[in-house]
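Notes for the one structure printed next.
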Amino acid sequence: MNKLHFKVGLFAAASLFLGAVFVAYLLHARGFFENTYRLQLAAASADGVAPGVPLVFSGIEIGQVATLGLNDNGGIIIRVELLERNAKWLRENSTFTLDKPIVGGAKIRVDSPNLNAPALPENSTMLLLTADISKEIPVLVERVKAILANVEHLTRKDGEVNDTLANLKTMTGRMTGEYGMLEGILGSPEKARAVTDSLDKTARLIIKLDGLALRMDGMAIKADKWLFATDGVAEQTRDALDQVKLMLADAQSSLKKADTLMTNAVAISADVKEGTQDIVKLRTEIDDAVRKASALVNEINKKWPFARNPEVKLP
């Protein structure tokens, strides 16, 4: 029996110890054993503020409203308490704003733009600003009324929206015709048909131009062969020019002989008898030179492209 009592007592003592440890942990987690940092906020109105309203920084609750009261001048004083470890987020340049959303409870928002600024001393008094969204509701209502008026103006029976829908209906109806979207855009089948006919003619013209280009390419190839191939016009012309050069050289030789004979004729003009024989010989040489020159001219006239009536045979 004594052992049983001892075990029961031991179990009860262990339970009480564990319970005490758990309670102590909860109190420590809630900051019960930490120092409390106190702050006062001066406000023009306490509407929406009550004990327990949270003090939040970056969306995280760091404290709450403890009490509300009045100062000697009748001003509203809101006392806020927070754990001392959370006081590091409060700076001398911090701003306190009371947010009162349409849905949900009010909260005091802390904004500290510069965390390197000096820390806010305890029991300091700061101004509480108010951001009441309900004050903006009349402005929003007026804007909504203006938007509804514009919508009503657009959707009236003779409004722009109905006209646009009517035009769209007409266009889509035309698109169901023979020429589809083209008829819908141009407005009538006749205009669409004219466009398609023009496109067909353009296509046929392009095909003809392609054929003409092919034929021109063939003619260019043939002309190239005709002009520059072996026994072509260019080679024949070159041969003719060579013959002309030979003829001119022969004519030049004949003329030199005639010049020599004329000189002899002048020298022997005193001797009539001998001069008569030289003159006969001179005339024979001159006639021969004239005949060769005439033959040369005729030959030049026969050669292409010096002929009077040149005839070019295309391939």
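Overview of values
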read-out: At R0 = 35 Å, FRET efficiency that the Cβ-Cβ distance of SER58 and HIS153 yields, to 0.05; value: 0.20
read-out: Point-to-point label distance, ASP259-PHE11, nm (Cα→Cβ direction, 7 Å offset); value: 15.8 nm
read-out: Karplus-derived 3J(HN,Hα), 6.51/-1.76/1.60, for each residue of segment 75-89, Hz, glycine and proline x; value: x, 7, 10, 10, 9, 10, 10, 8, 5, 5, 6, 8, 6, 5, 8
read-out: Pairwise label distance in nanometres, GLN40 with ARG85, each label 7 Å out on the Cα-Cβ vector; value: 2.9 nm
read-out: Chain lengthening between ASN73 and ARG291 when straightened (0.36 nm per residue, less Cα-Cα); value: 63.7 nm
read-out: Chain lengthening between ASN123 and LYS191 when straightened (0.36 nm per residue, less Cα-Cα); value: 15.8 nm
read-out: Most positive-pole-ward Cα, PRO113, SER124, THR155, against dipole of segment 68-167 from beta carbon charges; value: SER124
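Every number here is computed from the coordinates shown, using simple stated rules; none is lab data. No experiment lies behind these values; they were computed from the predicted model shown. Glycine also receives a Cβ, built like all others from the backbone with ideal geometry; neighbour counts cover every protein chain displayed.
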